[in-house]
Amino acid sequence: MRKEFPGGALAVDDVSLTVEAGTVFGVVGHSGAGKSTLLRLVNGLEEPTSGSVLVDGHDLAALGERGLRPVRREIGMVFQQFNLFRSRTVLGNVLYPLRLAGLDRATARARAEETLEFVGLSGHGKRYPEQLSGGQRQRVGIARALATRPKVLLCDEATSALDPQTTGEVLALLRRVNRELGVTIVLITHEMEVVRGLCDRVAVMEDGRVVETGEVYEVFARPQHPTTAALVRSALHAEPDGELLERLRARHPGRLVTVPVVDGVPVMEGLSPLLREHGVDFAFVHGGVGEVRGRPLGSVTIELRGERAAVEAVEAGLAGSGRRKAGVR
Ligand SMILES: Nc1ncnc2c1ncn2[C@@H]1O[C@H](COP(=O)(O)OP(=O)(O)OP(=O)(O)O)[C@@H](O)[C@H]1O
Ligand SMILES: [Mg+2]
């Protein structure tokens with residue numbers, strides 16, 4: 001589909017995506033990439049200039065304003081700035097969509113309290129948003145979005161206003177929303193860390209287009225598009241470059257080699273025999289191995305120490321086995 005705004009901004013250009021029910025799908029990209037517009041197309045706040053949006057089998061454009069209402073009720077929205085009613089209590093905020101949906105007072109109240117308990121805020125119902133921390137406010141935002149028991153939750157930069165620890169807590173809550181309630185989540189963010197912590201699949205957007213899409217581990221381990229590679233690099237701090245590389249070179253006179261560590265590719269196992277065979281010693285100088293979605297991922301930069309010819313033989317051996325990513329020197 002496409003979305004062109006009057007005046008010519010082509011915010012979403014030829015995008016085609018499918019989100020499986022019950023999964024968490026991330027859309028990542030820099031400012032202005034078209035992420036928010038894409039979400040607004042999914043909940044029917046914007047109409048595509050061409051193409052169509054199907055939610056749970058319903059073509060939004062074909063429904064009309066009246067037909068859209070029950071479908072919108074299946075979609076919850078969470079915002080970066082929380083968008084809570086300041087003049088209403090926490091409970092009042094969560095009650096609002098329930099009363100709007102026509103639930104009677106007692107049922108709505110029971111549902112709201114149950115939802116507040118799920119997000120860890122039971123006992124806070126009488127407080128006002130400004131008496132809460134950012135993380136708590138976002139929990140209220142999530143509770144309000146979940147109160148009507150939607151099938152889909154759309155999160156627009158839901159953690160961007162929060163510090164790293166609070167971000168982690170909100171991501172953990174969203175993970176529970178997905179796993180325990182079975183809610184499908186579409187989340188947009190400019191941070192790859194958020195994708196890493198929560199998503200099953202990810203689409204990378206740039207200038208209104210999706211430049212890459214895939215399973216999260218695969219995208220981290222083998223990014224195809226330069227924009228994706230740059231986003232992944234900033235999240236993993238993988239290969240040293242720039243001033244860091246200069247400092248490493250000043251500290252370590254030997255040959256520096258960066259070896260990627262990817263699930264299913266036995267790197268270190270291949271390195272030891274090569275070093276032994278050529279009588280080369282080594283030292284770790286940078287990097288490490290972490291996890292993405294429970295699988296190992298990282299890179300290790302080592303300094304090779306030995307006779308020049310022997311060092312080159314080790315390097316050639318690493319390259320020959322396809323294991324050497326880049327000799328940084
Ligand atoms: N209502 C509108 N009218 C005209 N142009 C718009 C409108 N909304 C968005 N745009 C333009 O569409 C493009 C994509 O905007 P969008 O808000 O979707 O990006 P984004 O990826 O969400 O950015 P950010 O990370 O800054 O939130 C931008 O060039 C923006 O200026
Ligand atoms: Mg946006």
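We did not get these values from a lab; they are worked out from the coordinates using the rules stated. Owing to the predicted nature of the structure, the values given are computational and were not obtained by experimental measurement. Glycine also receives a Cβ, built like all others from the backbone with ideal geometry; neighbour counts cover every protein chain displayed.
Where both bridge residues fall in the stretch 3-235, DSSP classifies roughly 35% of the beta bridges as antiparallel. Hey, if you drop one equal point scatterer on each alpha-carbon of the chain and run the Debye formula without solvent, what base-10 log of I(q)/I(0) do you get at q = 0.07, 0.12, 0.13 Å⁻¹? Debye output, listed in q order: -0.39, -0.88, -0.97.
Here the Gaussian network model covers the chain, with springs between Cα atoms less than 10 Å apart; of Met205, Met268, Met192, Met268 fluctuates the most.
For Val211, nonlocal amide neighbours, meaning residues 5 or more places apart or on other chains whose placed amide H falls under 5 Å from its own, are Val204, Met205, Glu206.
Under the shape rule built on the C-alpha gyration tensor, where the axes satisfy a ≥ b ≥ c, the stretch 73-154 is oblate, since a/c reaches at least 1.5 while a/b does not exceed b/c. Note on Arg293/Glu4: beta-carbon distance plugged into 1/(1 + (r/R0)^6) with R0 of 51 Å gives a FRET efficiency of 0.90. Residue-wise HN-Hα couplings along the stretch 259-271, as the Karplus relation 6.51 cos²θ - 1.76 cosθ + 1.60 with θ = phi - 60° gives them from phi, are 10, x, 10, 10, 3, x, 10, x, 7, 5, 4, x, 6 Hz; Gly and Pro carry x. Using a Gaussian network model on the chain with a 10 Å cutoff between Cα atoms, which of Arg276, Arg40, Arg196 fluctuates the most? Of the options given, Arg276 has the highest mean-square fluctuation. For Lys35, Lys126, the sequence from fewest to most other C-beta atoms within 10 Å is Lys126, Lys35. Along its principal axes, the stretch 199-329 has C-alpha extents of 52, 31, 22 angstrom, given from the largest down. Among Tyr217, Tyr128, the order by Cβ neighbours within 10 angstrom, fewest to most, reads Tyr128, Tyr217.
Springs between Cα atoms under 10 Å define the GNM used for the chain, and in it the highest mean-square fluctuation of Asp56, Asp13, Asp207 occurs at Asp56.
Near Asn178: Cβ cut-off under 13 Å, other residues only, Lys/Arg at +1 and Asp/Glu at -1. The net charge is +2.
Annotation: amide H of Val12 within the under-5 Å range of Lys3, sequence separation 5 or more or interchain, hydrogens built in the peptide plane. Length gained on full extension, Glu74 to Ser160, computed as 0.36 nm times the residue gap minus the Cα-Cα distance: 28.5 nm. Taking GluC sites (Glu not before Pro) in DSSP loop conformation with at most 14 other Cβ atoms inside 10 Å as exposed sites, the chain has its longest uninterrupted site-free stretch at 21-306.
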